[in-house]
Structure formats: C-alpha cells, structure tokens
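Inspection log for the structure reproduced underneath, given as structure tokens.
The values are calculated or read from the model by the stated rules, or taken from the named source; none is laboratory data. In this text the structure is predicted, and so the values were computed from the model without any measurement. Here the Cβ positions follow ideal geometry from the backbone for every residue, glycine too, while neighbour counts run over all protein chains shown. Note: accessible area is taken over every heavy atom of the protein model, side chains too, but ligands, DNA and RNA are not part of it. Shrake-Rupley method; radii C 1.70, N 1.55, O 1.52, S 1.80 Å.
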Amino acid sequence: GGGALGVEASAQIRADFRDKNVSLFHSRGRLMSAAEPPVSAHFSDKLLRKLQNKFGVDVKLNARRPLEALPEQLVAPAEDHVAPTLTINAVGCKLQDSSRRFIPTEWLHPETGEVVVNSALQVEGAPAHVFAIGDVARTGDYKQARWASRHAQIVTKNILVMVAERESAGLTLYSPVNHNSVAVHWLYRVLGCIYVEKRVPESCAVVTLYLGNDDGIGEFFGLHFNERFARKYLLADKGSASAQAWLNCTRSI
C-alpha cells in the first residue's frame, strides 16, 4: 500500500537494512492517493523520487495483491512478479468484523463501514452520549493520529458540557481541514525563503511523513516544505516527544 504507513515502513526498512530488497505495491497511479484532502502532484512525485532514488525501494504503481491471496500471488505485469519472504499489509482496512458485531448496523456507513457521526462527533442514530473518534469515525478527514487527538479534545469538551448539564452552552463542533487559511500568505512571506520549497495552492492537505533516519516530506496550508524544514522540525526527535507525552498521559490515568 502506497499510503503513509506503507511509504514510511518501506523507507525505514531500506534505511536500516540496506541488504534487504523492498517492493512497494500500490493500486493507484500515484502515491498517497487516498489522502483526503488530496496531496499535490508535486508531493506525490517528489515522494516517489525519494523512495526510488534515495532509498532504493522498488515502487510498483497500478499494481495490487488481493488481500486473500498468498504472499507470492502478486497481481502485476508478468515481468514484475516477485515471491517475497515477508509481506506487510498496509493497504488500509475497514472496521473488523469482531468489532462490527458490537455496533448496530444502522450506525455504520453502508459503503465504507465507518461509524457515521455529526459535527459534534456524536454517532448518528445513537443516544446523545455515544461518540466516535479516530479512524473508525466518518469525519471527512485523513486517517492520521493528529486528527484522532483533535477528535478526543472535541469529545472531551462535549462530555464535560453534558455531564454538567450545560447543553444550552452548545456543544463544540468539529470541522475537518478542507481549505487553506488566509494566513498562508503571511506564513509564506515569513518562511518562504527559508523553509518553503513551493506553493501548492491546489492542496489543502496537512501531511508530514518520516522517511528513513534523515529525511522527511511535509505539505500543509498550500505550502510544500523543503528538506531544511524536515531536518529541523520533523526529524528533531521523529515523534519521540509526542510518544513520551502519550505514555505519560496513560500512566497518569
């Protein structure tokens, strides 16, 4: 799968184990094709070049392996058939059947299997105190940890309002990022000559990826950021500070 997980995993494996051959199969014609809002063509093209030229990942676009197939049964042009010793499934998934049986069918979207929620992240058709957050919820944004964290903040506020019986104050509403802020013009003037590689006004995506041990790629608010930005902000700790914060949070609960 050529989404965030497949891309980051393939680059990391090649960075740490140069003797291992890695093939990345993606069913679409460009990487990160499922991102919502979509990433720019510049992002996808640059990501492809980095994987191929820097990390030596064998990227095969418009190719897929059926999930029920054996590892050696890869659907691709005949000359591209390979028999891997390990297959990592990173093509995305729907709600598992083991979890689905606990959720009423009428709460689920018939096509995607996501839990349908309103703007307050309350489950449609469920009692008012039932919420859904993270990948399972049909919120209209890309499946990323940053948005799940934001969902949790919204739901926490709403639960506190409901517990205090202050519904008249109104529930906090969640809105996915689907447009670029007017502050982008100011941000570009301040950071453009230092950290911005290119303006991509057609993109509203907020996406950052770690690539190996010393590289990354980021795009948000219609700006595509350069390697200098990646080294300074993405790779400073590779998310270890955020991970530690989550650990500290769980220990205190």
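The number of residues in the stretch 14-32 being under 14 Å from Val59 (Cα atoms) and out of contact with any strand residue (DSSP E or B) (no Cβ under 8 Å at 6 or more places or on another chain) comes to 4. Residue count for the stretch 157-178 under the criterion of being among the β-branched types (Val, Ile, Thr) and either exposed (fewer than 11 other Cβ atoms within 10 Å of the Cβ) or modelled with pLDDT of 95 or more (or both): the result is 1. Considering the stretch 31-48, and only residues there that are among the small types (Gly, Ala, Ser) and at pLDDT 90 or above, the residue that is nearest to Glu202 (Cα to Cα) turns out to be Ser40.
Of everything in the stretch 92-122 that's out of contact with any Asp or Glu (no Cβ under 9 Å at 6 or more places or on another chain) and charged (D, E, K, R), which residue is most open to solvent (accessible area, probe 1.4 Å)? Among them, the one singled out is Arg101. On the basis of being closer than 19 Å to Lys198 by Cα and either open to solvent by less than 30 Å² (accessible area, probe 1.4 Å) or small (Gly, Ala, Ser) (or both), does Val39 make the cut? So Val39 fits the description; yes. For the stretch 123-138, which positions are closer than 18 Å to Asn158 by Cα, open to solvent by less than 60 Å² (accessible area, probe 1.4 Å) and under 24 Å from the mean Cα position of the chain (by Cα)? If the condition is that a residue be closer than 18 Å to Asn158 by Cα, open to solvent by less than 60 Å² (accessible area, probe 1.4 Å) and under 24 Å from the mean Cα position of the chain (by Cα), then Val123, Phe131, Ala132, Gly134, Ala137 are the ones that fit.
All of Ala11, Ala15 fail the test of being part of a helix (DSSP H, G or I), touching a Gly at 6+ places or on another chain (Cβ under 6 Å) and open to solvent by 20 Å² or more (accessible area, probe 1.4 Å), apart from Ala15. Residue-level check: of (1) part of a loop (DSSP other than H, G, I, E, B); (2) without any contact (Cβ under 8 Å) to a residue 60 or more places away in the chain, Asn158 misses just (1).
Residues that are touching a strand residue (DSSP E or B) at 6+ places or on another chain (Cβ under 7 Å) and assigned to a loop (DSSP other than H, G, I, E, B) were ranked within the stretch 121-141; the one that is nearest to Leu108 (Cα to Cα) is Glu124.
Would you confirm, using the coordinates I've provided, whether Asn53 is polar (S, T, N, Q), modelled with pLDDT under 95 and open to solvent by 80 Å² or more (accessible area, probe 1.4 Å)? Against the criterion (polar (S, T, N, Q), modelled with pLDDT under 95 and open to solvent by 80 Å² or more (accessible area, probe 1.4 Å)), Asn53 does not qualify.
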